[in-house]
Amino acid sequence: MENPNYLEVYHKLYKYYGPQAWWPASSTLEMLLGSILVQRTNWRNVEKALDRLEENVHDANYLYQIEERELAEKIRPSGFYRIKAARIKAFIAWFRNYNYDVSLVQEIPYNKLRAELLSIKGIGEETADVMLLYAFEKQAFIADQYAFRIFNRIGLEIPSTYRSLQKIVEKDIPNDNQLYQEYHALLVEHAKVHCKVKPICNTCPVQSICEFGWKKEESFRG
């Protein structure tokens, strides 16, 4: 079996699935809201919640002024809606410090901005990095559960923490914002199509470099 690296995995996934064009949103604010709403649910439920907000999904002042209880009811389809309403309100209060101006936020250095996002109640590392990557044009590998699952099965070096895996991957791939965006989307797609909890290995695009896939194939042959 070949000795793979993180960039090789990216190229194999990209060749198979093609460009994903993530994050699905018609405005940056909608993207930011989606990154909070998607916590502990699937994207179909996020879409239902965003639809209930209608055009207000693009209006930061509306989200700042609306009562938290009313917001919670509007985003009910996303699940954990009271918690998520509080998180959205906390995020919008922070965003208001920058006049809801994405370009102002983009001027903040990466480390300072990441620290600010993590200081917002309910914004963890994954959500912060999604915001950094898709809204604020900062390169950040999103070391989510799909990345851990896929890389672990392939047999790549997997540390125990989110930040450790992120740093290892970032050393191995070019500092390119579009590549980072595509990589996250490709890993999510691969986890849904092939590398599920119960994986489908026979048509997997990375089977030739996957330790798990090779062991499964050898077991089948034996």
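The values are calculated or read from the model by the stated rules, or taken from the named source; none is laboratory data. As the structure is a prediction and not an experimental result, all values here were calculated from the model. Every residue, glycine among them, receives a Cβ derived from its backbone with ideal geometry; neighbour counts consider all protein chains shown. These accessible areas exclude ligands, DNA and RNA; they are computed on the full protein's heavy atoms, side chains included. Shrake-Rupley method; radii C 1.70, N 1.55, O 1.52, S 1.80 Å.
Within a straight-line Cα-Cα reach of under 17 Å, Lys12 can be paired with the following lysines, leaving aside sequence neighbours fewer than 8 residues apart in one chain: Lys192. When Phe212, Phe136, Phe148 are compared by accessible area of protein heavy atoms, the largest-first order is Phe212, Phe148, Phe136, using a 1.4 Å probe. Relative to the longest principal axis of the Cα atoms of the chain, the long axis of helix 162-172 makes an angle of roughly 60 degrees. Note: relative contact order over region 81-173, using C-alpha pairs below 8 Å and six or more positions apart, is 20 percent. Each Lys and Arg contributes +1 and each Asp and Glu -1, all at the Cβ; summed about the Cα centre of region 46-175, the dipole is approximately 500 debye. Taking the C-alpha atoms only, the angle from helix 81-96 to the longest principal axis of the chain is near 70 degrees.
Each Lys and Arg contributes +1 and each Asp and Glu -1, all at the Cβ; summed about the Cα centre of region 58-134, the dipole is approximately 260 debye. For region 103-110, backbone phi angles converted through the Karplus equation (6.51, -1.76, 1.60; θ = phi - 60°) give residue-by-residue couplings of 5, 5, 5, 5, 6, 6, x, 3 Hz, Gly and Pro being listed as x.
In terms of solvent-accessible area of protein heavy atoms at a 1.4 angstrom probe, what is the ranking of Arg87, Arg69, Arg96, highest value first?
On the way: Arg87 70, Arg69 200, Arg96 115 Å².
Largest accessible area first, the residues go Arg69, Arg96, Arg87.
Taking only protein heavy atoms into account and a 1.4 Å probe, give the accessible area per residue of region 147-204 in Å².
Values: 2760 Å² over 58 residues.
Heavy-atom accessible area per residue stands at 48 Å².
Cα gyration tensor of region 10-118, axes a ≥ b ≥ c as square roots of the eigenvalues: rounded (a/c below 1.5), prolate (a/b > b/c) or oblate? It would help to have the intermediate numbers written out before the result.
Numbers: a/c = 1.93, a/b = 1.18, b/c = 1.63.
The shape class here is oblate.
Rolling a 1.4 Å probe over the protein heavy atoms leaves Asp176 with an accessible area of roughly 70 Å². Rounded to the nearest 10 degrees, the inclination of helix 43-53 to the longest alpha-carbon principal axis of the chain is 10 degrees. For Lys121, the aspartates and glutamates whose Cα falls under 16 Å of its own Cα, not counting residues fewer than eight places away in the same chain, are Glu68, Asp129.
For Glu107, the solvent-accessible surface with a 1.4 Å probe is about 140 Å², rounded to the nearest 10.
For Ser78, Ser27, the ranking by accessible surface with the largest value first comes to Ser27, Ser78, using a 1.4 Å probe. Can you tell which of Glu211, Glu73, Glu30 shows the greatest fluctuation in a Gaussian network model of the chain with Cα springs below 10 Å? Looking only at Glu211, Glu73, Glu30, the biggest GNM fluctuation is shown by Glu73. Taking every pair of alpha-carbon atoms in the chain, give the share separated by more than 27 Å as a whole percent. In whole percent, the long-distance tail amounts to 37. Put the Cα centre of region 111-145 next to the Cα centre of region 153-187 and the gap is 14 Å. Legend: residue pairs Lys84/Lys196; Lys15/Lys112; Lys84/Lys171; Lys84/Lys167; Lys138/Lys167, Cα-Cα distance threshold 25 Å; pairs beyond threshold, Lys84/Lys196; Lys15/Lys112; Lys84/Lys171; Lys84/Lys167.
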